[in-house]
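Novice: I'd like to ask some things about the structure below.
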Amino acid sequence: DGGLHWGATTTLIADGAIAFNDKGSITADPTDPLSVYAVWDRLSSDNRGPVYFARTRDAGLSWELARAIYDPGVGNQTIGNLLVVLPGGALLVVFTELDGTATGTTVALNAIRSIDQGNTWSAPIFIADERTTGTHDPGSGALVRDGNELPSVTVDRSGAVYVVWQDSRFSGGARDGIALTRSLDGGLSWSAPVQVNGVPGAAAFTPTVRVRDDG
């Protein structure tokens, strides 16, 4: 009834102390009024951080058992998982992947696709490496807890997908700007990142992207 009244809460996962479920997002399917999808990262005691997924096919009355749909392996994790539904009904999850290496951590934006409403998922598709340096207060120099490593994603009526994130590549690592990339084939390939923040000489952080009705 437009939000005037609400049903009881539903638990999608309950792990207790064995895992930490972080940064969940939820997406109603515009192509199917009964389907809603939730994704998040689940940090477990065995040093993994896969993408977790839960789905309802009856408008939220019941939810299927939550499960991992992509696991980057021991010592690695995902974060900032976001799901969009493409005009044809395909699902696309965009996320940051952090992989531990002998010399540090590599950070990349990846995506996975499903063409059967989440029953099966593709292998990860590389979008771009993330080169965030983090944001500092210009007065005190203190590090700000910003949205680095947390992308934003949107899709337009034609099916074009846009992703934005913090990135310092445009200043040679001096400060974060906002990078944007676009996919015209449902997330299978992506354009080279371009800087979109309007004041390149100042740090920009925690971006959000949407597409207007006129494109």
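We did not get these values from a lab; they are worked out from the coordinates using the rules stated. Predicted model, so just to flag it, every value in this text is computed and none were measured. Heads up, the Cβs are rebuilt from the backbone with ideal geometry, glycines too, and the neighbour counts pull from every protein chain shown.
Novice: Name the shape class, rounded, prolate or oblate, that the alpha-carbon gyration tensor gives for the range 100-215, where a ≥ b ≥ c are the square roots of its eigenvalues, rounded holds for a/c under 1.5, and otherwise prolate holds if a/b is larger than b/c and oblate otherwise.
Specialist: Since a/c reaches 1.5 but b/c is at least a/b, the shape of the range 100-215 is classed as oblate.
Novice: Could you work out which residue, out of Gly118, Gly88, Gly104, moves most in a Gaussian network model of the chain, that is, has the largest mean-square fluctuation with Cα springs under 10 Å?
Specialist: The residue with the greatest mean-square fluctuation here is Gly104.
Novice: Using the reciprocal of the averaged 1/r over all distinct C-alpha pairs, how large is the Kirkwood radius of the range 83-122 in Å?
Specialist: 11.5
Novice: Would you calculate the volume per residue, in Å³, of the smallest convex hull containing every Cα atom of the chain?
Specialist: It is 167 Å³ per residue.
Novice: Also, quick follow-up: If you average the sequence gap of Cα pairs under 8 Å that are 6 or more apart and divide by the length of the chain, what percent do you get for the contact order?
Specialist: 12
Novice: Based only on Cα atoms, what mean projected area does the convex hull of the range 130-181 have, in nm²?
Specialist: Dividing the Cα hull surface by four gives the mean projection, 4.0 nm².
Novice: Can you pull a Stokes-Einstein diffusion coefficient for the range 6-86 at 10 °C (1.306 mPa s), Rh from Kirkwood over Cα pairs, as a whole number of µm²/s?
Specialist: Result for D is 119 µm²/s.
Novice: In addition: Could you list which residues have their amide H under 5 Å from that of Ala204, counting only those 5 or more apart in sequence or on another chain, with H placed in the peptide plane?
Specialist: Residues meeting the criterion, in which the H sits 1.01 Å from N, are Asp176, Gly177.
Novice: Here is a follow-up. I need the fraction of alpha carbon pairs in the range 29-148 separated by more than 22 Å, rounded to a whole percent.
Specialist: When every Cα pair of the range 29-148 is considered, 43 percent fall beyond 22 Å.
Novice: From the phi angles alone, apply the Karplus equation (6.51, -1.76, 1.60; θ = phi - 60°) to the range 135-146 and give each ³J(HN,Hα) in whole Hz, x where the residue is Gly or Pro.
Specialist: For the range 135-146, the Karplus-derived couplings read 10, 10, 4, x, x, 8, x, 5, 5, 8, 7, 9 Hz, x marking Gly and Pro.
Novice: In sequence order, what are the phi-derived ³J(HN,Hα) couplings for the range 55-64 according to the Karplus relation 6.51 cos²θ - 1.76 cosθ + 1.60 with θ = phi - 60°, rounded to whole Hz, with x for glycine and proline?
Specialist: With the stated coefficients, the range 55-64 comes to 9, 10, 10, 10, 6, x, 5, 9, 10, 5 Hz.
Novice: Based on the mean of other beta carbon atoms within 10 Å per residue, what is the order of 32-41, 159-168, 119-128, most packed first?
Specialist: In decreasing order of mean packing, 32-41, 159-168, 119-128 become 159-168, 32-41, 119-128.
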